[in-house]
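In what follows, a structure is listed as structure tokens, so that the remarks can point back to it.
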Amino acid sequence: MSNMISSGFYDITSTSYNDMSFAMQYNTVFANEYADLIQVNVQDEDTCLATLFDTASQLYIGFNMREREVAGYTDPQVLQLSPMGNDFFMIQQQDTNIACYLQDHTDGSPIYVGDPGSNSDHYWFFYSIMVD
């Protein structure tokens, strides 16, 4: 049995900087104290694959490997939400060691992508949001 979250709406928050959440502006995902509502659509529960859709920008969240940042896309981007225990997840490029992380606690900081090593700055908590 997988520890995968269910499809639904979430506030995705850094476990290292728990007042910093996913938000998007100009196709770049950044840290902000005011979270965008992210719709998670689970694609495969066994392999922990899902799409993340930013409802404010109407864009899918994915990895821009050229800029090494998390960005917005018009096409669905399938990501891997790897359970890390304590209801924390690592958001990864599918079947790779590349994950997103928040480098610092500054409001407006980009969310970067890279090899996580043993760094817990790559862990995220998904707060479920009830939507009518």
Using the Karplus curve 6.51 cos²θ - 1.76 cosθ + 1.60 with θ = phi - 60°, work out ³J(HN,Hα) for each residue of the stretch 36-45 in order, rounded to whole Hz, and write x for Gly and Pro. 7, 7, 10, 8, 9, 10, 5, 9, 8, 5
Label model pair Asp46, Asn27: point-to-point distance (7 angstrom along the Cα→beta-carbon line) in nm is 3.6 nm
The stretch 22-132: relative contact order from alpha carbon pairs under 8 Å, six or more residues apart, as a whole percent, is 22 percent
Subtracting the Cα-Cα distance of Ile129 and Gln94 from 0.36 nm times their residue separation yields 10.1 nm
Calculated from backbone phi, Karplus (6.51, -1.76, 1.60) coupling profile of the stretch 68-85 in Hz, x at Gly/Pro: 6, 9, 7, 9, x, 9, 6, 8, x, 10, 7, 10, 9, 9, 7, x, 10, x
Residues other than Thr106 with Cβ under 13 Å of its Cβ, Lys/Arg counted +1 and Asp/Glu -1, net out at -4
Theoretical gain in end-to-end length, Asn18 to Asp104 [0.36 nm per residue, Cα-Cα removed]: 29.8 nm
Between the stretch 10-65 and the stretch 77-132, the alpha-carbon center distance in angstrom: 9 Å
For Asp115 and Val78, extending 7 Å from Cα along the Cα-Cβ vector and measuring point to point gives, in nm, a value of 2.6 nm
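With +1 on each Lys and Arg Cβ and -1 on each Asp and Glu Cβ, and nothing else charged, work out how big the dipole of the chain is about its Cα centre, in Debye to the nearest 20.
200 debye
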Assign unit charges at the C-beta atoms only (+1 for Lys and Arg, -1 for Asp and Glu), then state the dipole size of the stretch 1-78 relative to its Cα centre in Debye, rounded to the nearest 20. 160 debye
Hydrodynamic radius by Kirkwood, which averages 1/r over all alpha carbon pairs of the chain, in angstrom: 14.3 Å
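Here, each number is a calculation from the coordinates, and none is a lab measurement. Keep in mind that what you see is a predicted model, and the values were worked out from it rather than measured. Because the Cβ atoms are built from the backbone with ideal geometry, glycine has one as well, and the counts that use them run over all protein chains shown.
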